[in-house]
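The values are calculated or read from the model by the stated rules, or taken from the named source; none is laboratory data. Since this is a predicted model, take the numbers as computed values, not measurements. Counting neighbours? That spans all protein chains shown, and the Cβs are built from the backbone with ideal geometry, glycine included.
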Amino acid sequence: MAFETISVIGLGYIGLPTAAVFASRKIKVIGVDVNQSAVDIINEGKIHIVEPDLDMVVHAAVMEGYLRATTTPEPADAFLIAVPTPFKGENHEPDLKYIEAASKSISTVLKKGDLVILESTSPVGATEQMAEWLAEARTDLTFPQQAGEESDIRIAHCPERVLPGKVLEELVSNDRVIGGMTPKCTELASQLYKTFVKGECVGTNARTAEMAKLTENSCRDVQIAFANELSIICDKLDIDVWELISLANRHPRINILQPGPGVGGHCIAVDPWFIVSKTPTEARLIRTAREVNDNKPSWVLEKVKIAISDFLQENPEKTTRDINISCYGLAFKQDIDDLRESPAVDIVKKIINMHSGNVFTVEPNIMELPRDLEGAKLVILQKACEKSDIHLLLVDHKEFKSVKPKTGLIIDTKGIWR
Ligand code: SAJ
């Protein structure tokens, strides 16, 4: 089957690049988003998110007429749903309300022969649930759960696996897991992705595809938790954890990741909970890793409190108010400008609340501080290095690697100022 028109529902960090890449292959793409301002920006050939080179690809796709955004779904041959799957309230239960709303909204324009793909990272069973919502809305059509290979509508889960900052490259080069509700669904979805994917399109069923994505991010979370736990153990035993890890990694079968101030971003700190919520009794290691990583910012904050008290002991003529603390890096990881779900931001907020002296921040990738960090001052690297009594390194941005403060106490959560 030739796909003449593709519709991407949700034009965020995954949906927009995906829509743009399809459009760059000269396929007509209709992007749908509930956010009118995002839709307007895209229709002007611009972007509302930060991702290297995406602006150029979107601009070209819109100007050449292959990509158009709208708030209302329109008929298409394939629908890709790339909406968020947040938590419900304070607990870690996945909330499928955006998938539900997206599937209900496209149900009105579905026709026999269409393919619906769920790309959002989802708990196991979400694709089947989406198929149920579609079937309830369109009793005149048949779906894989009712008619198997004879269904009018084909459904698959094809999780995104791209790294923020390298999305355009990885969309094309990564292998793709294609989990159809039936083998024909898998086949049709593979055909669609082969339009631009240079990696392999590997077929499976929908539940395994859902679990594969959660497994990848949980595996990374568990490995980072191991490194973070080692860093706390080593601190107690007076051992340099980075030296330790580099020594252990010389073993041919060992590859330990790096400790840090905690795990941030929208995926690794979230997705493992989707496994825990389905199998709370069994997922013991996965839950513990989440807890270890989530507790790391508090441990860092304790280190800052100890540094303040050490400084006051060494400088009895001074008070807390006289102490300048500099925090280096706010992004959720190195060399990006994304501050959302960043452990560094959490730590800095807490320092602002507890500390009566100056709190300086250095973040080379932003021009101004977000409102919730207004109690701090955004300064240049040189000023922070020269004027501070306590230096807290939170992100290993490339700018920080060649400069090391000459005076003051250093707390280095990334091991680049050892
Ligand atoms: N981190 C460490 N130590 C490390 C590596 C990472 O503390 O050794 C921290 C980072 O600083 C950051 C967090 O972990 O705060 C997550 O960063 P990341 O680079 O591990 O991952 P993300 O969130 O940018 O992207 C991940 C990727 N998943 C895997 O590598 C298994 C990406 O391929 C996924 O597509 C993405 O999640 C997603 O969308 O799910």
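Looking at the range 305-323, can you tell me whether even one residue there is within 26 Å of the chain's Cα centre (by Cα), buried (at least 18 other Cβ atoms within 10 Å of the Cβ), more than 16 Å from the ligand (Cβ to nearest atom) and not in a helix (DSSP H, G or I)? No - not one qualifying residue is present in the range 305-323.
Applying the criterion of at least 1 residues that are of a type in the set (A, V, I, L, M), surrounded by fewer than 20 Cβ atoms within 10 Å (Cβ to Cβ) and in contact (Cβ under 8 Å) with a residue 40 or more places away in the chain to the helices (runs of 4 or more DSSP H) found wholly in the range 343-418 leaves 343-354, 381-387. Considering Val292, Val263, the condition of being buried (at least 22 other Cβ atoms within 10 Å of the Cβ), within 12 Å of the ligand (Cβ to nearest atom) and touching a residue at least 12 places away in the same chain (Cβ under 8 Å) is satisfied by Val263 alone.
Here Leu188 fulfils each of the conditions (1) within 30 Å of Phe22 (Cα to Cα); (2) in a helix (DSSP H, G or I); (3) among the aliphatic types (A, V, I, L, M); (4) outside the structural domain of Thr121 (by TED's automatic domain parsing) apart from (4). Within the range 182-218, the residues that satisfy the criterion of being in contact with a Phe, Trp or Tyr (Cβ under 8 Å, 6 or more places away or on another chain) and surrounded by 19 or more Cβ atoms within 10 Å (Cβ to Cβ) are Leu192, Leu214.
Specify the residue that is farthest from Gly125 (Cα to Cα); the eligible residues are those in the range 164-185 that are assigned to a loop (DSSP other than H, G, I, E, B) and modelled with pLDDT of 95 or more.
Asn174
Checking Ala82, Ala69, Ala38 one by one, the residue that is among the small types (Gly, Ala, Ser), surrounded by 14 or more Cβ atoms within 10 Å (Cβ to Cβ) and closer than 23 Å to Gln129 by Cβ is Ala82 and no other.
For every residue, the table says whether it meets (1) modelled with pLDDT under 95; (2) in contact with a Phe, Trp or Tyr (Cβ under 8 Å, 6 or more places away or on another chain); (3) not aromatic (Phe, Trp, Tyr).
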residue	(1), (2), (3)
Lys88	yes, no, yes
His92	yes, yes, yes
Val109	no, no, yes
Glu136	no, no, yes
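Taking the options Trp242, Trp273, name whichever one is among the aromatic types (Phe, Trp, Tyr), surrounded by 16 or more Cβ atoms within 10 Å (Cβ to Cβ), at negative phi and within 12 Å of the ligand (Cβ to nearest atom). Result of the check over Trp242, Trp273: Trp242.
Okay, residues lined up against (1) under 24 Å from the mean Cα position of the chain (by Cα); (2) assigned by TED's automatic domain parsing to the domain that holds Trp273; (3) within 16 Å of the ligand (Cβ to nearest atom); (4) more than 27 Å from Pro343 (Cα to Cα):
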position: Lys194; (1), (2), (3), (4): no, no, no, yes
position: Thr208; (1), (2), (3), (4): yes, no, no, yes
position: Ala212; (1), (2), (3), (4): yes, no, yes, no
position: Thr215; (1), (2), (3), (4): yes, no, yes, no
position: Asp221; (1), (2), (3), (4): yes, no, yes, no
position: Asn228; (1), (2), (3), (4): yes, no, yes, no
position: Ile232; (1), (2), (3), (4): no, no, yes, no
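Residues being in contact (Cβ under 8 Å) with a residue 12 or more places away in the chain, within 16 Å of the ligand (Cβ to nearest atom) and touching a helix residue (DSSP H, G or I) at 6+ places or on another chain (Cβ under 6 Å) are represented in the range 18-26 by at least one member.
Give the residue that is nearest to the chain's Cα centre (by Cα), with candidates limited to residues of the range 120-141 that are within 10 Å of Ile99 (Cβ to Cβ) and not β-branched (Val, Ile, Thr). In this case the residue turns out to be Ser120. Of the numbered criteria (1) at pLDDT 95 or above; (2) part of a loop (DSSP other than H, G, I, E, B); (3) of a type in the set (Gly, Ala, Ser), the one Ala289 fails is (2). Listed by first and then second residue, the pairs with beta-carbon distance under 6 Å, at least 6 apart or on different chains, first residue in the range 160-172 and not assigned by TED's automatic domain parsing to the domain that holds Ile336, second more than 6 Å from the ligand (Cβ to nearest atom) and of a type in the set (Phe, Trp, Tyr), are Val172/Phe196. Restricted to helices (runs of 4 or more DSSP H) entirely inside the range 64-159, those with at least 1 residues that are assigned by TED's automatic domain parsing to the domain that holds Lys184, in contact with a Pro (Cβ under 7 Å, 6 or more places away or on another chain) and at negative phi are 97-107, 126-137. Only one entry of Phe332, Phe360 meets the criterion of being touching a helix residue (DSSP H, G or I) at 6+ places or on another chain (Cβ under 6 Å), aromatic (Phe, Trp, Tyr) and within 23 Å of Lys305 (Cα to Cα), and that entry is Phe360.
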